[in-house]
Structures are given as structure tokens and as C-alpha cells.
Ligand code: ZN
Ligand code: FE
């Protein structure tokens, strides 16, 4: 039950992730932003590809499925909505699990950004791939779902252990930090934002993050505290999400 993760930039601001179950040598990629970049990373690692795990149907997450399947013969696993790009070999939903050698990924419903978005959680290693649901200091836009659905999804993510390593699919953190500072004066946020801006200056990634760090500083998770005027937590979240959508940072 040890998983090796290789993270690499794809497209303008996506991350690609290759994971290897060390016991069996089986390899999966989480989403397929760019088939060429993923094939190049596989070659660099000297790894084959057994499995694609899709979090949602968007082209920057499933657009490389067909090319990678043609190149490697891998199996595609994802939520039913991925059929909007091409039908997965296996459709999964909340409560299912997917094996990669000895590593088990639990499938968690995290709909909201898209209706069928899922998260893959390796409970043995405390590693979660959350796609476009939770970002470092941010969360996905509500393209298909509403605030209530997204808030429930974010609760399922924050119910994971505090020390869970959280791999988000985009490097949006500096922009997210600028928005967060506009709505939250918390000193822990200020300190984190400073270290984020410094890391980006040095060209370093700010992903992965952790559940504990996001619970402490992410303004979307802190929405009920930031909007005490709104009694319903999901509505407080919706108000912060709407403010971010309108933010010109
Ligand atoms: Zn997306
Ligand atoms: Fe995306």
C-alpha cells in the first residue's frame, strides 16, 4: 500500500498525475489533460499505463483518453458523464472502488462543478485526487450544479483525514489567494498567501495541499464564518462563490 505520485504541468495551468502502486508496478493516470505530455512523462519514468481515472468529463480532464487508450491499451474508468467525450470502459459512482494493483481508490461523489464529478481517495495512503472540486484556497466553478450540491461535496472532502494529501487539477493558487485576502483577514491566511506568492515567484507548484491547510485557510470552506449574516452554510458558500466569480483581482 504505497503509492508513488508523479505530478507534472500540462496545458496552461493543469496538472497531470501518474500514480504507481509500488507493490504491483501498475500505473494509472488521473485525468488526461494532454496525451502527449502524459506519454512523455510515462517514457521519462519508464512506466507503462494500465488505467485512466477520470474525475469529470471536461476536455482538460478527459480529452486525452482516446489517444492514451490507443497508444497503451489502458482501461478507462470514470463517471457516466465522461461518455460526453467517449464512453468509459467502466462507469463508477459514489461508494464504488477501483483497484490499481494492491491500491484501492474509493469513489466519492463530488458533483457541483459538473453534476457527475467524482474524487478518488486512497484511504491506506491518505491521498485524494479531487479534480476541479477543491483547489488550494479555492474551489471549482459551479458550471452544472448549484451551491447546495457543491457545499455537500466539499463536506465529503473535508470529512477525509486532516493529513490527507490533496491533489487538485489546476495551479490557480495565486489568483485564489488574492481573492481570499479580499474576503478574509485571518493571519493564517495572510501567512499562507505570502508563502504562495513566494513559491510562484520561484516557479514552484503549490499543489498538493492538505485537508488541514484548506480547512484552516480556504475561504470557501470558511464561508459560514466569513458570512455570519447568512444562516444557511450552503447559502453562505454560494455567496462567497458568487463574490469570487465577480472578483477582478
Ligand atoms: Zn473542469
Ligand atoms: Fe479543469
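What is segment 162-235 by shape, rounded, prolate or oblate, if you read a ≥ b ≥ c off the alpha carbon gyration tensor as root eigenvalues and call it rounded for a/c under 1.5, prolate for a/b larger than b/c, and oblate otherwise? Prolate, since a/c reaches 1.5 and a/b exceeds b/c.
The antiparallel fraction among DSSP beta bridges confined to the chain stands at about 70%. In this simple spin-label model, placing a label point 7 Å from the Cα along the Cα-to-Cβ direction at both residue 182 and residue 155 gives a separation of 2.9 nm. If you fit an axis through the alpha-carbon atoms of helix 147-158 and take the longest principal axis of the Cα set of the chain, what angle between them do you get, 0 to 90°, nearest 10? Relative to the chain, helix 147-158 is tipped by roughly 70 degrees.
Could you check the spin-label model distance between residue 87 and residue 216? Points 7 Å from the Cα along Cα→Cβ, value in nm. It is 4.8 nm. Take the Cα coordinates of the chain, assign each an equal point scatterer, and use the Debye formula without solvent to give log10 I(q)/I(0) at q = 0.12, 0.18 Å⁻¹. For the chain, the Cα-only Debye profile gives -0.66, -1.41.
Axis angle, to the nearest 10 degrees, between helix 187-201 and the longest C-alpha principal axis of the chain: 50 degrees.
Per-residue extension of 0.36 nm, minus the Cα-Cα distance of residue 43 and residue 80, leaves a gain of 10.3 nm for this segment.
Hey, what angle do you get for helix 35-45 against the long axis of the chain, alpha-carbon based, 0 to 90 degrees rounded to 10? That helix lies at roughly 70 degrees to the long axis.
If you take the square roots of the eigenvalues of the alpha-carbon gyration tensor of segment 12-101 and sort them as a ≥ b ≥ c, do you get rounded (a/c under 1.5), prolate (a/b over b/c) or oblate? It comes out oblate by the Cα gyration axes.
Assign one of three labels to segment 86-143, namely rounded, prolate or oblate, based on the Cα gyration tensor with a ≥ b ≥ c the square roots of its eigenvalues; rounded applies when a/c is under 1.5, prolate when it is not and a/b is larger than b/c, and oblate otherwise. Oblate, because a/c is 1.5 or more while a/b does not exceed b/c.
Here the relative contact order of the chain, from alpha carbon pairs under 8 Å that lie six or more residues apart, stands at 13 percent.
Counting only the backbone N, which residues of segment 219-247 are under 17 Å from the spot 7 Å out from the Cα of residue 190 toward its beta-carbon? Residues passing the 17 Å test: 219. Its DSSP H runs of at least 4 residues, each contributing -39,500 (n - 2.57), put the calculated 222 nm mean residue ellipticity of the chain at -10000 deg cm²/dmol, to the nearest 500.
Readers should treat all values here as calculations from the given coordinates under stated rules, not as data from a laboratory. Just so it is clear, the model here is predicted, and its values are computed rather than measured. As a convention, Cβ positions derive from the backbone with ideal geometry for all residues, glycine included, and neighbour counts pool all protein chains shown.
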